[in-house]
């Protein structure tokens, strides 16, 4: 994955903003970063776009800046010269795509049909903007289209909000989601930057979807594990499920057949994307035990343990089931 695309993936959310005055640029970018979002797409829908990108790029080095609604090669040059690191177009503009590829500029073209996607593929592009997403059928349409294009990933934009955000991130082919709800024009106009911080944090919470998946109980051998599981089954009518290394009593209690990680056992935290969650937690200084990594059939990171215990429990991330 391209380094800039990887940074977009790590953040997961691309706030799309229209800035009418350059004085709005830095406070908006700062609010997003304070809320944990390190990416912004400044649209060329306003006359202040170029100057706003320039202001952010010079004064906030923690945020990745892109330019959106790019409609001409002139706007491409203005955006890049101002400091934009990637470009997003509303549709397929072959002249712009050819120019960006020649100049080595990351471009994410807007696609709404299989024909658009095939055009992007012809240019060697494997990440496209799906726009306007909700109007075109949302995540269900993306799943249907993507079946024919296994190597393509999507940045859906249009109609996405806190209510439907999580459904997108449960699909592995979503590189990130774009949206205007986090820093919309009214919030910016009225200088409600605290609200942008709040919405940014809420968007991350919904995107990751962190939940306790199950709790692991250590036992000394398979016989003891069997007895513990039977106790839970008989008392609470939990279904008993045997795995290679453990028994499950229902879906939330895992009884290990032998002594396992964690002084008191382990806690599994599910999330929409384990790799993105690792990036997020590493920024907070959390260390991971790389020896505990496991991957699914598609090569996606599906499980990894934190290096340090929390309250005498080992803790691991696990991929949430779609």
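None of the figures in this text is laboratory data; all of them are computed from the coordinates on show. Not measured: the values here are computed from a predicted model.
Listing for the model above:
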{"read-out": "Computed [θ] at 222 nm, deg cm²/dmol, the chain (DSSP H ≥ 4; -39,500 (n - 2.57); rounded to nearest 500)", "value": "-11000 deg cm²/dmol"}
{"read-out": "Whole-percent pair-distance distribution, where bins are 10 Å wide, for the alpha carbons of the stretch 217-322", "value": "15, 40, 33, 12, 0"}
{"read-out": "Degrees between helix 73-82 axis and first principal axis of the chain (Cα, 0 to 90, nearest 10)", "value": "70 degrees"}
{"read-out": "Cα centroid separation, the stretch 254-268 to the stretch 114-128 (Å)", "value": "46 Å"}
{"read-out": "Angle between the chain longest axis and helix 274-283 axis [Cα atoms, degrees, rounded to 10]", "value": "80 degrees"}
{"read-out": "Gaussian network model of the chain, Cα within-10 Å springs - most flexible of 91, 104, 265", "value": "104"}
{"read-out": "The chain: angle of helix 25-34 to the longest principal axis, Cα-based, in degrees nearest 10", "value": "0 degrees"}
{"read-out": "Normalised alpha carbon radius of gyration of the stretch 80-119 [divisor 2.2 N^0.38 Å]", "value": "1.19"}
{"read-out": "Alpha carbon Rg of the stretch 90-211, scaled by the compact-globule rule 2.2 N^0.38 Å", "value": "1.15"}
{"read-out": "For the stretch 283-316 and the stretch 148-199, distance of Cα centres in Å", "value": "27 Å"}
